[in-house]
1. Using the Cα centre of the chain as origin and beta-carbon charges of +1 (Lys, Arg) and -1 (Asp, Glu), tell me which of 62, 18, 4 is placed farthest towards the positive end of the dipole.
2. Any idea what the dipole of the chain comes to, in debye rounded to 20, about its Cα centre with Lys/Arg Cβ at +1 and Asp/Glu Cβ at -1?
3. Pop out the carbon and sulfur fraction of the accessible area of the chain as a percent, whole number, probe 1.4 Å.
4. Can you bin the chain into rounded, prolate or oblate? Criterion: square roots of the alpha carbon gyration tensor eigenvalues sorted a ≥ b ≥ c, rounded for a/c under 1.5, prolate for a/b above b/c, oblate for the rest.
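The values are calculated or read from the model by the stated rules, or taken from the named source; none is laboratory data. Note that the coordinates shown come from a computational prediction; the quantities given were computed from them, not determined experimentally. Every residue, glycine as well, gets a Cβ built from its backbone with ideal geometry; the counts of neighbours run over all protein chains shown. Each accessible area value is taken on the protein alone, full model and side chains, heavy atoms only, with ligands, DNA and RNA left out. Shrake-Rupley method; radii C 1.70, N 1.55, O 1.52, S 1.80 Å.
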Amino acid sequence: MGNLLEEIYRVVSEQAGFKGRMRLAVKTGLSKTKAGKMKDSAELISKFKEAADDILGRDIDQFIKRS
């Protein structure tokens, strides 16, 4: 569960460091641990991508690894 949400956390952490990760938690209201336990719903994914795009200053889709 929460595979894409965890992937977004991974990318933000790699690209923006610990501060970026904390900003993502604040903007989404979910910690990395809680996000990993949540189901990847369209609403949550959209919320996380929007927050990540804002933090990184670019589209996060280019960094997400597709299986």
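1. Looking along the dipole axis, the top candidate is 18.
2. Numbers: 14 positive and 10 negative charges, 60 e Å.
For the chain, the charge dipole is close to 280 debye.
3. On the way: 2150 of 4300 Å².
Carbon-and-sulfur percentage of accessible area, whole number: 50.
4. Values: a/c = 1.44, a/b = 1.17, b/c = 1.23.
Note, shape of the chain comes out rounded.
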